[in-house]
Amino acid sequence: MAKITTRFVCYECGYESPKWMGKCPSCSEWNTLVEEVDDKRSRVPAASRVSPITLDSIGDEDVYRYSSGIGELDRVLGGGMVPGSVVLLGGDPGIGKSTLLLQVAAAMASSGARVLYLSGEESLKQIRLRSLRLGINSSNIFLLNEQDINQLDDYVDEIKPAMVIIDSIQTVYTPDITSLPGSVAQLRESTARIMNIAKKRDIPFFLVGHVTKEGALAGPKVLEHMVDVVIYFEGEKNFSFRLLRGVKNRFGSTDEIGLMEMSGQGLVEVVDPSYVFLTSSSKDCHGTAIAASFEGSRPLLIEIQALVAPNGPAYGRRMASGIDGNRLALIIAVLEKRRAFNLASCDVYLKVTGGVFLKDPSVDLAIAAAIVSSYREQVLPLDTVFAGELSLSGQIRSVPFLEQRLKEVERMGYKRVIIPAGTGRKNYGGGLEMIEVASIDDLIENL
Ligand code: TYD
Ligand code: MG
């Protein structure tokens with residue numbers, strides 16, 4: 001067999017060098033040279049050349065998905081697992097990635113399919129302990145304590161699994177390059193080989209990925225470009241709720257989120273999100289407002305809490321958890337500009353319950369209402385829900401999917417909604433009292 005040669009390539013400018021250097025002589029960036037296998041040897045031989053086929057000659061039966069056994073995961077995947085796809089599941093340590101995938105393995109195994117679970121992170125005893133806790137026992141789940149990715153193809157050949165789990169991509173390596181497991185070069189090369197096996201054998205692969213302190217997937221961005229689906233498993237340690245959020249999906253939308261709860265016996269699906277996020281609320285204090293948010297393809301009622309506290313002559317602090325801090329600053333600025341609120345010398349803290357992060361801009365109205373309520377020390381009516389986006393000029397913009405939001409509000413037993421002007425009656429025939437507001441001044445008058 002020909003000797004495998006490696007080279008070092010700058011991932012900023014593409015400069016190539018036979019040896020490693022700290023600084024790229026071409027673009028002068030530091031630490032950008034990564035080891036790569038010289039791909040001359042991996043060229044596809046002419047004999048195995050494939051011919052193009054026409055689009056209509058691919059039968060519908062070739063395009064199918066199968067369920068992971070966890071509805072919320074299927075939802076984020078775009079309706080189930082696609083054969084030959086590689087899914088990267090990222091998340092903080094201890095969030096439940098291994099638990100989730102072991103449960104997926106169990107669901108597959110119980111339907112008679114074989115699953116190969118490659119663990120470079122935990123010993124087989126540790127996985128067994130987890131499976132006992134989850135009540136999982138199966139002769140269809142094949143565990144493997146292996147880090148050498150070059151062996152993977154043989155194992156797949158031997159076991160013939162319907163799905164492969166690799167926990168984690170940072171612990172596997174190929175001995176063909178000398179860098180340590182988890183290094184940029186190893187991540188790229190290992191992922192490329194896994195992709196190859198997945199496509200060749202037409203089975204889905206799940207890769208666990210670690211995240212950095214900043215919350216991004218550890219390793220090069222190119223890892224995310226290579227795989228088919230990237231899902232983040234989020235949540236706060238102190239809360240039991242977990243959120244599956246798709247950030248890339250070649251086979252579906254990335255708007256969907258999946259909600260799960262970590263229990264004593266593993267992860268359980270949250271079937272009624274609004275119910276979960278509202279039950280623990282302390283509704284009769286000021287600074288609390290309920291927002292009719294929309295996450296993915298379903299409405300979600302969620303409690304927003306604000307605390308406005310005077311801070312003397314110093315400029316007030318702003319802290320947001322569960323929404324983007326810049327959006328909080330913007331809403332505060334609109335409130336200050338439009339009305340005689342002296343928020344500049346107040347600390348403003350904002351929190352979304354349950355540890356979820358809301359991206360839907362239509363929670364603006366609830367945020368503004370919560371801030372006003374805390375500032376004036378005035379309790380908002382318990383039976384009212386807010387939906388509306390705030391523009392910089394202080395106007396309230398209409399929101400998409402209003403009808404579904406209103407239905408959810410009514411289902412959860414609320415009596416009144418505050419919504420953007422001109423949007424209420426025409427698309428909803430339910431029994432809710434609707435108060436339409438055109439601007440932030442309207443809102444404040446109506447509180
Ligand atoms: P784990 O799946 O090991 O996380 P990751 O692979 O993302 O690092 O989950 C670890 C945490 O989950 C740990 O703190 C214990 C908790 N846990 C439960 O609360 N209930 C359970 O049934 C299981 C298996 C774990
Ligand atoms: Mg783990």
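So that you can scan it fast, the table gives a plain yes or no per residue for (1) over 22 Å from residue 156 (Cα atoms); (2) of a type outside the set (Lys, Arg); (3) within 16 Å of ligand 2 (Cβ to nearest atom):
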{"site": "76", "(1), (2), (3)": "yes, yes, no"}
{"site": "83", "(1), (2), (3)": "no, yes, no"}
{"site": "99", "(1), (2), (3)": "yes, yes, yes"}
{"site": "144", "(1), (2), (3)": "no, yes, yes"}
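Restricting segment 70-114 to residues that are away from ligand 1 (no atom under 16 Å from the Cβ), open to solvent by less than 10 Å² (accessible area, probe 1.4 Å) and not in a helix (DSSP H, G or I) leaves a set whose member that is farthest from residue 244 (Cα to Cα) is 84.
For segment 301-338, the candidate set comprises residues that are among the basic types (Lys, Arg) and either in contact with an Asp or Glu (Cβ under 7 Å, 6 or more places away or on another chain) or at pLDDT 90 or above (or both); within that set, the residue that is surrounded by the most Cβ atoms within 10 Å (Cβ to Cβ) is 327.
Taken over segment 158-167, residues that are touching a helix residue (DSSP H, G or I) at 6+ places or on another chain (Cβ under 8 Å) and farther than 11 Å from residue 113 by Cβ amount to 4. Being more than 13 Å from the chain's Cα centre (by Cα) and in the same structural domain as residue 120 (by TED's automatic domain parsing) holds for only one residue in 80, 91, and it is 80. Within segment 187-217, the residues that satisfy the criterion of being more than 29 Å from residue 50 (Cβ to Cβ), modelled with pLDDT under 90 and not small (Gly, Ala, Ser) are 210, 211, 212, 213, 214, 217. Kindly evaluate residue 348 against the criterion of being among the β-branched types (Val, Ile, Thr), in contact (Cβ under 8 Å) with a residue 24 or more places away in the chain and not in a helix (DSSP H, G or I). Yes: the conditions hold for residue 348.
Residues that are touching an Asp or Glu at 6+ places or on another chain (Cβ under 8 Å) and open to solvent by 10 Å² or more (accessible area, probe 1.4 Å) were ranked within segment 149-173; the one that is farthest from ligand 2 (Cβ to nearest atom) is 150.
The values are calculated or read from the model by the stated rules, or taken from the named source; none is laboratory data. All of these numbers come straight from a predicted model, not from anything done at the bench. Every residue, glycine as well, gets a Cβ built from its backbone with ideal geometry; the counts of neighbours run over all protein chains shown. Accessible surface is based on the protein model in full, side chains and every heavy atom, while ligands, DNA and RNA are left aside. Shrake-Rupley method; radii C 1.70, N 1.55, O 1.52, S 1.80 Å.
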